[in-house]
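The values are calculated or read from the model by the stated rules, or taken from the named source; none is laboratory data. Just so it is clear, the model here is predicted, and its values are computed rather than measured. All Cβ positions, glycine included, derive from the backbone under ideal geometry; neighbour counts span all protein chains shown. The protein model used for the area step is the full one, side chains on, heavy atoms only, and it has no ligands, DNA or RNA in it. Shrake-Rupley method; radii C 1.70, N 1.55, O 1.52, S 1.80 Å.
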Amino acid sequence: MAPVDAYASVVLPGSPARKPLTARQRALLAELEELFLAEGFVEFTLEDLAARAHCSKSTLYALAASKEQLAVRVVGHFFKGAAERIEGRIEGVDDATKLIETYLSGAAEELHRASPEFMRDVAAFAPARHAYELNSQAAAARIRTFIAKGVADGVFRDVHAGLIAEMAGLLVEAIQTGVVGERAGVSDAEAFRALADLLLGGLAAR
């Protein structure tokens, strides 16, 4: 997960998503997010979503002009909210080791909410996959800043921060897509804790 401005391009140009939301729309967006996270979204029609959310199709059209744009908006809402919550967790933390531990722990908790069906649909739908890819790229950039800080503070040994961060980013992506969990037989939370241990063990100043 990453700073929230990384998600500015997720919403499709020209979408009503750029307009300020009403309280009802914010609640509806949160409800759709929970539904998508639990069951995925590709198989739903707008009629299905309206029925599940107990609203009219016109109410959904006020959020997005099509089912596809609605899916992009809801996926972007999840990643943006996750980024905000994780950034809140590390606010005020100055120790690089604690930053990495807290950041990856937060990512594990956020992704624990996402079902395999949701991750499958994100991977299958190109615009939603773009939001996901933004998340992975920005996560690598965030980890890079933590490593650079640790090196500057003398907490970590002098390493190629960009290279290590990109390698960590690939592992984050593999965890998020379920590859690591499936192959190693562990939960995402366990995988993220192992990644933190791997990073911190390898970076520790000697």
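Worth pointing out:
- The listed residue being more than 27 Å from residue 30 (Cβ to Cβ), without any contact (Cβ under 8 Å) to a residue 40 or more places away in the chain and among the acidic types (Asp, Glu), out of 153, 94: 94
- Among (1) touching a helix residue (DSSP H, G or I) at 6+ places or on another chain (Cβ under 9 Å); (2) open to solvent by 50 Å² or more (accessible area, probe 1.4 Å); (3) part of a helix (DSSP H, G or I) - the single one residue 138 does not satisfy: (2)
- Being touching a helix residue (DSSP H, G or I) at 6+ places or on another chain (Cβ under 6 Å) and either over 30 Å from residue 201 (Cβ atoms) or open to solvent by 50 Å² or more (accessible area, probe 1.4 Å) (or both) is a condition met by no residue of region 91-100.
- Residues in region 183-206 that are on the phi > 0 side of the Ramachandran plot and either surrounded by 12 or more Cβ atoms within 10 Å (Cβ to Cβ) or of a type in the set (Val, Ile, Thr) (or both): there are none.
- Region 53-75, subset within 16 Å of residue 40 (Cβ to Cβ) and touching a residue at least 40 places away in the same chain (Cβ under 8 Å), residue surrounded by the most Cβ atoms within 10 Å (Cβ to Cβ): 75
- The one condition in (1) surrounded by 20 or more Cβ atoms within 10 Å (Cβ to Cβ); (2) at pLDDT below 90 that residue 116 fails to fulfil: (1)
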